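This report concerns only the one structure given below.
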Amino acid sequence: MTATDDFVEHRNLLFTVAYEMLGSAADAEDVLQETWLRWSEGDRGEVRDERAYLVRITTRLSLNRMRTMARRRESYVGPWLPEPLLTSPDVADDVELADSVSMAMLVVLESLTPTERAVFVLREVFEVGYDEIAAAVDKSPSAVRQIMHRARERVAERRPRGEVTTSERDMVMARFRDATATGDLQSLLEVISPDVVLLTDGGGFKQAALRPIHGRDKVLRFLDAVAGDGFPVEVVEVNGAPALRVVIDGEVDTVGSVLVEDGLVTGIYIVRNPEKLRRLDQVTALTR
């Protein structure tokens, strides 16, 4: 196969790797552009495993981009949330992939260092071998094992707990859709956890809470103020799970996702930053 054929064959995988490391589709696309340039212009004569080689390039470039993004985040207005992606039903069918790209998990991954995140994503999600990961992050295999152990512990402390069935999640999203459409947010009282946390990302471009909002009463007061008399919403598949999309004058204005644990909403993630909503009119292919 040609260099182009090899790259196209693995492109969706490479995008998913970069997106899970960066939480930004725009930055992931930039990483893929750089990966393609290095792949097409480099000496591929001794490459035995094209997939492993391309993942290694993508990982290294993503690590560089993560360090740049960390400096950029310091001046970000309000909470930073991952860029939501419209996904196809087959992502939800792959439970492990859907969990790894969920808004809740991507928020958890933000607590890791760049190297920890790279190691965790490559090993936990894509089942890359320790020797391959070591080559990608410029560490010894033994060091990578230690990093993975530390990353797993940190993720375990923060990752969502409790089982939720598809029917429970669909029911909650239907309740949110109806409440938002009518403006009757108090009807959500019985499905929202007392300890719920709401994060809103306006990026300084749209109205949003500048700090996380904790507790059911405060969250409902905020949602009541925002919803007013209600507005039309639709349920779409975002990052492998149902989410609410608000379209105003033909433009996506808001995307809202929820974390459901044991039948109750424990996390609400609302993205309004228009720079992060540009891909919400087309399905993005994610794969392992």
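The values are calculated or read from the model by the stated rules, or taken from the named source; none is laboratory data. This structure is a prediction, so every number in the text was calculated from the model and none was measured. Heads up, the Cβs are rebuilt from the backbone with ideal geometry, glycines too, and the neighbour counts pull from every protein chain shown. Please note that ligands, DNA and RNA were not included when accessible areas were found on the heavy atoms of the full protein model with its side chains. Shrake-Rupley method; radii C 1.70, N 1.55, O 1.52, S 1.80 Å.
Between V47, V258, V246, the GNM of the chain built on Cα springs shorter than 10 angstrom shows V47 fluctuating the most. Return the single residue from R11, R38, R48 with maximal mean-square fluctuation; model: Gaussian network over the chain, springs between Cα atoms under 10 Å. The residue with the greatest mean-square fluctuation here is R48. Based on alpha carbons, the Rg and Dmax found for the chain are 19.7, 64 Å.
Give the residue list of chymotrypsin sites (Phe, Trp or Tyr not before Pro) in the range 28-80 that are DSSP loop and have at most 16 other beta-carbon atoms within 10 angstrom.
Values: sites: W36, W39, Y53, Y76, W80; in loops: Y76, W80.
Of the chymotrypsin sites (Phe, Trp or Tyr not before Pro), the ones in loops of the range 28-80 whose Cβ has at most 16 other Cβ atoms within 10 Å are Y76.
Among the trypsin sites (Lys or Arg not before Pro) in the range 142-231, those placed in a DSSP loop whose Cβ has at most 12 other Cβ atoms within 10 Å are R161.
Quick check on the chain: helices-only [θ] at 222 nm, where DSSP H runs of length 4 and up contribute -39,500 (n - 2.57) each and the sum goes over total residues. Nearest 500, please. Intermediate values should be presented prior to the final figure.
On the way: 11 runs with 142 residues, N = 288.
Here the helix-only value at 222 nm equals -15500 deg cm²/dmol.
Residues in the range 160-278 average 50 Å² of solvent-accessible surface per residue, probe 1.4 Å, ligands and nucleic acids excluded. 3J(HN,Hα) along the range 168-174, derived from phi through the Karplus expression 6.51 cos²θ - 1.76 cosθ + 1.60 where θ = phi - 60°, amounts to 4, 5, 5, 5, 5, 5, 5 Hz, with x in place of Gly and Pro.
Helix 3-22 and the long axis of the chain differ in direction by around 50°, with both axes built from C-alpha atoms. In degrees, nearest 10, range 0 to 90: what is the angle between the Cα axis of helix 141-158 and the longest Cα principal axis of the chain? Once rounded, the angle reads 0 degrees.
Solvent exposure of the range 1-51 amounts to 52 Å² per residue of accessible area, where only protein heavy atoms count and the probe is 1.4 Å.
What's the carbon and sulfur percent of the range 222-288's accessible surface, probe 1.4 angstrom, rounded to a whole number?
Values: 1470 of 2990 Å².
Accessible surface attributable to carbon and sulfur in the range 222-288 totals 49 percent.
Heavy atoms only, probe 1.4 Å: what % of the accessible area of the range 33-186 goes to carbon and sulfur, would you let me know? Ligands and nucleic acids excluded, carbon and sulfur give 45 percent.
Size estimate for the range 20-167 follows the Kirkwood approach: the inverse of mean 1/r over distinct Cα pairs works out to 16.5 Å.
In straight-distance terms, cross-link reach from K276 covers every one of the lysines whose alpha-carbon lies under 16 Å from its own, apart from those fewer than eight places away in the same chain; here that gives K206. The angle separating the long axis of helix 50-73 from the principal Cα axis of greatest extent in the chain is about 50 degrees.
Probe of 1.4 angstrom, ligands and nucleic acids ignored: what's the accessible area per residue over the range 55-113, in square angstrom?
42
Our coupling estimate for the range 189-199, obtained by passing each phi through the Karplus curve with A = 6.51, B = -1.76, C = 1.60 and θ = phi - 60°, is 3, 7, 10, 9, 5, x, 9, 4, 10, 10, 10 Hz, Gly and Pro reported as x.
A P(r) calculated from all alpha carbon pairs of the range 106-146, with 10 Å bins opening at zero, reads 32, 56, 12 percent.
Among G183, G42, G263, the largest mean-square fluctuation in a Gaussian network model of the chain (Cα springs under 10 Å) belongs to G42. Apply the Karplus curve 6.51 cos²θ - 1.76 cosθ + 1.60, θ = phi - 60°, to the phi angles in the range 222-232 and return the couplings in whole Hz, x for Gly and Pro. Running phi through 6.51 cos²θ - 1.76 cosθ + 1.60 with θ = phi - 60° gives 5, 5, 4, 5, 6, 6, x, 8, x, 7, x Hz.
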